[in-house]
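The values are calculated or read from the model by the stated rules, or taken from the named source; none is laboratory data. Every value quoted in this text rests on a predicted model; they were computed, and no experiment measured them. Quick reminder, even Gly has a Cβ in these numbers, built from the backbone with ideal geometry, and neighbours come from all protein chains shown.
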Amino acid sequence: MKSQELAALASHFSRLEWLCHHPKETENIEELFRETKEFIERFTEESSPRLQELLSDLHLRVSTWHQVWERLGKEADFRNAVGREAHRWSEELSKLSKETSREEK
């Protein structure tokens, strides 16, 4: 996975965070869950073993959120927890993207 793909994945998590904190805007969150899972699947196989492990973990998290969103997505505590986790992953992926960019040069 290249630095651009990591940055794009970080953007997915950033949008997810934003949607979690703006409950009136969450009509598109189901699509974002699907897109994020597909994005992760697309790049997992071509990634290093260390990154494959991280991407598998992220895929599991997003899949779980997606499965329970219909039931729990209206609860502020759940949305806030997902938003915090999405923020953490957005930051982590952005940092990893910068490190990977330096290695690519």
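Just one of the listed residues (SER3, SER14, SER48) is surrounded by fewer than 16 Cβ atoms within 10 Å (Cβ to Cβ) and among the small types (Gly, Ala, Ser), namely SER48. Out of curiosity, is ARG42 under 15 Å from the mean Cα position of the chain (by Cα) and surrounded by fewer than 13 Cβ atoms within 10 Å (Cβ to Cβ)? Spelling it out, ARG42 is indeed under 15 Å from the mean Cα position of the chain (by Cα) and surrounded by fewer than 13 Cβ atoms within 10 Å (Cβ to Cβ). The residue that is modelled with the lowest pLDDT, counting only those in the range 62-74 that are surrounded by fewer than 17 Cβ atoms within 10 Å (Cβ to Cβ) and in a helix (DSSP H, G or I), is GLU70. Of the residues making up the range 1-16, those that are part of a helix (DSSP H, G or I) and either of a type in the set (Gly, Ala, Ser) or more than 9 Å from the chain's Cα centre (by Cα) (or both) are SER3, GLN4, GLU5, LEU6, ALA7, ALA8, ALA10, SER11, SER14.
HIS21 meets each of the listed conditions (1) over 30 Å from GLU104 (Cβ atoms); (2) surrounded by 15 or more Cβ atoms within 10 Å (Cβ to Cβ); (3) modelled with pLDDT of 95 or more; (4) not aliphatic (A, V, I, L, M) apart from (3). Quick one: what pairs do we get from the range 75-102, first residue part of a helix (DSSP H, G or I), second of a type in the set (Asp, Glu) and at pLDDT 95 or above, C-beta under 6 Å, 6+ apart or different chains? The qualifying pairs are GLY83/GLU17; ALA86/GLU17; HIS87/GLU17. Would you say THR36 is β-branched (Val, Ile, Thr), within 22 Å of TRP18 (Cβ to Cβ), at pLDDT 95 or above and touching a His at 6+ places or on another chain (Cβ under 8 Å)? So THR36 fits the description; yes.
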